[in-house]
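Presented below is the structure to which this report refers.
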Amino acid sequence: MLVDTGNALYALKWLISYKKQVLQAFLPVIKSKKESGNFMYNVDLNNKTILITGVAGFIGSYLVKRLFSEFEGIKIVGIDNMNDYYDVRLKKARLKEIENEGNFKFIKGSIADKELILAVFDEYRPQVVVNLAAQAGVRYSITNPDAYIESNIVGFFNVLEGCRHYPVEHLVYASSSSVYGNNKKVPYSTDDKVDNPISLYAATKKSNELMAYSYSKLFGIPATGLRFFTVYGPAGRPDMAYFGFTNKLLAGEKIQIFNYGNCKRDFTYIDDIITGVVNVMQKTPEKDEAGVKYKVYNIGNNKPENLLYFVDILQQELVRAKVLPEDYDFEAHKELVPMQPGDVEITYADVDELVKDFGFKPSTSLREGLRKFAEWYKEFYM
């Protein structure tokens, strides 16, 4: 069969031309939807100076590494008081990992030192600020309340004052799922009332949200709060259950499982947390009905897990990583105990707003995350 190459070529040209016309016709619509949608960033982090408080902490150190790997020409100024709430060696190890990552300046000091904070703002003039410095821990706040007022209230006030006197493009700060207290409605939505904190730690985090809103209203500071849900992963905080349980099991001690195991937590892997933070850093909130550029997001896995299931997965992964022997008697090292003061039965994040504004939601499975932790623990400690 003979083919008329002239007609075939003409048909091909016509088809290409037709596709171009269709594309050009729809391009304005596509572009309009993209620009009017919520996925457009309005803060370019390239070639910016970024101030991160709590930089030697779990989230802070991971954030530094991610920023240097994804953006060009950035300078990061990090502040941390290197306190001994948990093993300082871990904080030093995190710092050692990031000190040669890029243009990084570390300042040892407390955000509660107003003179220091204002001097840092004056010298480095950060365009974006991420406040991660805080005294963490619900139970610790019951026995050591002063530390929470100093760091979480006074310290955050100093950061806000820095943003006020040395205007920034965006302030992002850590809040917590603890602000939801004993709310019965789940999953927790950022539209829910959070007026009944059941620990001083939770009260300070709620206070941070109120303080940030007022400064945003009064001084035009674009501010976004992030309610983190049970963050875990390699090089995390030793006071968190997965880390503390591992230390105790390795030492042959019993682990206490609160509320007789009838608790659920929305465990959120560190890499997902960092993705959420970096996304948020690049997009200031739209003005609310009062004209304030302020918003709060949940960052959680949107999948609460029972504590007994969590412990079962943890022990499997600790054996797999050879942190513990295969014949370890886990049942003999578990103790079911009542609920502790300040604790809650469930945490469960509604992340619809995060998905709507950024097209992202945490998705790392508990097994995958605990496997990475167990492998890191084996390498770091053994």
* Just how large is the dipole of the stretch 235-345 about the Cα centre, in debye to the nearest 20, putting +1 at every Lys and Arg Cβ and -1 at every Asp and Glu Cβ? -> 420
* Asked: Between K92 and D191, what FRET efficiency follows from the Cβ-Cβ distance if R0 is 45 Å, with the result rounded to 0.05?
  -> 0.65
* Structure fact -> Per-residue Cβ contact counts at 10 Å, fewest first, order Y201, Y180, Y377 as Y377, Y201, Y180
* Asked: Of the residues K361, K287, K206, which exhibits the maximal mean-square fluctuation in a Gaussian network model of the chain defined by a 10 Å Cα contact cut-off?
  -> K287
* Find which of S176, P304, V278 sits farthest along the positive direction of the dipole of the chain, computed with +1 on the beta-carbon of Lys and Arg, -1 on that of Asp and Glu, about the Cα centre. => V278
* Asked: Given 0.36 nm per residue, what is the gain on full extension from L218 to H165 after removing their alpha carbon distance, in nm?
  -> 17.9 nm
* Magnitude of the charge dipole, the stretch 112-237, Cβ model with Lys/Arg +1 and Asp/Glu -1, debye to 20 -> 540
* Size of charge dipole - the stretch 171-326 - debye, nearest 20, with Cβ of Lys, Arg +1 and Asp, Glu -1, no other charges -> 220
* Asked: Sorted from largest down, what three extents in whole angstroms do the Cα atoms of the chain have along their principal axes?
  -> 84, 61, 45
* Structure fact -> With the 8 Å Cα cutoff and a minimum separation of six or more residues, the chain has a relative contact order in percent of 17
* Structure fact -> Under the helix-only model (-39500 (n - 2.57) for each DSSP H run of 4 or more, divided by the residues of the chain), the mean residue ellipticity at 222 nm, to 500 deg cm²/dmol, is -13500 deg cm²/dmol
* Could you grab the Rg to Rh ratio for the stretch 96-196? Cα atoms only, Kirkwood for Rh. => 1.03
* **Nearby aspartates and glutamates by direct alpha-carbon distance to K92 (threshold 18 angstrom, same-chain neighbours under 8 apart not counted)** => D80, D84, E101, D239, E379
* Grab the Cα-Cα distance for Q340 and N262, subtract it from 0.36 nm times how many residues apart they are, and report the gain in nm with one decimal. => 26.8 nm
* By a straight-distance test (C-alpha under 24 Å), which lysines pair with K185 as possible cross-link partners, with residues fewer than eight away in the same chain excluded? -> K193, K205, K206, K264, K295, K303, K356, K361
* Pair F330, E375: separation of 7 Å Cα→Cβ label points (nm) -> 2.0
* Structure fact -> The aspartates and glutamates whose Cα lies under 13 Å from the Cα of K114, excluding any fewer than 8 residues away in the same chain, are D122, E150, E161
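Computed from the coordinates by the stated procedures, all read-outs in this text should not be read as laboratory data. Quick caveat, the model's predicted, so the values are computed rather than measured. Virtual Cβ from ideal backbone geometry, glycine too; neighbours counted across all protein chains shown.
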